[in-house]
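Shown next, in structure tokens, is the structure this report addresses.
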Amino acid sequence: MSLSRVFVDFHNADEQGRLRLNCIGTIEDLARQQEDLENGQRLTLYSEDLEVDGVVQFSEDEKVWVATIDWNQIRQVDQLVVQGQN
């Protein structure tokens, strides 16, 4: 089973290196896919030509959803598949 693919800003990380899931592209992808975030959920996170798998958790400090990733596992993607309209 493939993971839901959600846009992130790789420059929007907290002090612990977790990606914040609060940018407009992230919110739009989650809404379009009708995804409700929950602790422990796995997602594929992407931006332009990069992607990485991550695990969702809620940051009590910042009151925002974040994703824990392994920064050494970021992959270069040759061509993104555009979802939605044909």
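The values are calculated or read from the model by the stated rules, or taken from the named source; none is laboratory data. As the structure is a computational prediction, the values presented were derived from the model and not from experiment. When we count neighbours, we look across all protein chains shown, and the Cβ atoms used for this are built from the backbone with ideal geometry, even at glycine.
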Item to check | Selection within the stretch 3-51 - touching a Gly at 6+ places or on another chain (Cβ under 9 Å) and basic (Lys, Arg) | outcome: 18, 32, 42
Checklist entry - Say we look at the stretch 41-60 and pick out the residues that are of a type in the set (Gly, Ala, Ser) and farther than 15 Å from residue 3 by Cα; which of these is surrounded by the most Cβ atoms within 10 Å (Cβ to Cβ)? => result 47
Next on the checklist: If I filter the stretch 6-36 down to residues being free of Cβ contacts under 8 Å to residues at least 40 places away in the same chain and crowded, with 17+ Cβ neighbours inside 10 Å, which single residue comes out as nearest to residue 71 (Cα to Cα)?
Outcome noted: 26
Item to check | In the stretch 65-86, residue surrounded by the most Cβ atoms within 10 Å (Cβ to Cβ) [restricted to those that are at pLDDT 95 or above and part of a loop (DSSP other than H, G, I, E, B)] | outcome: 74
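Quick grid of which residues meet (1) part of a helix (DSSP H, G or I); (2) modelled with pLDDT of 95 or more; (3) on the phi < 0 side of the Ramachandran plot; (4) not polar (S, T, N, Q):
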position: 9; (1), (2), (3), (4): no, yes, yes, yes
position: 16; (1), (2), (3), (4): no, yes, yes, no
position: 29; (1), (2), (3), (4): yes, yes, yes, yes
position: 35; (1), (2), (3), (4): no, no, yes, yes
position: 46; (1), (2), (3), (4): no, yes, yes, yes
position: 51; (1), (2), (3), (4): no, yes, yes, yes
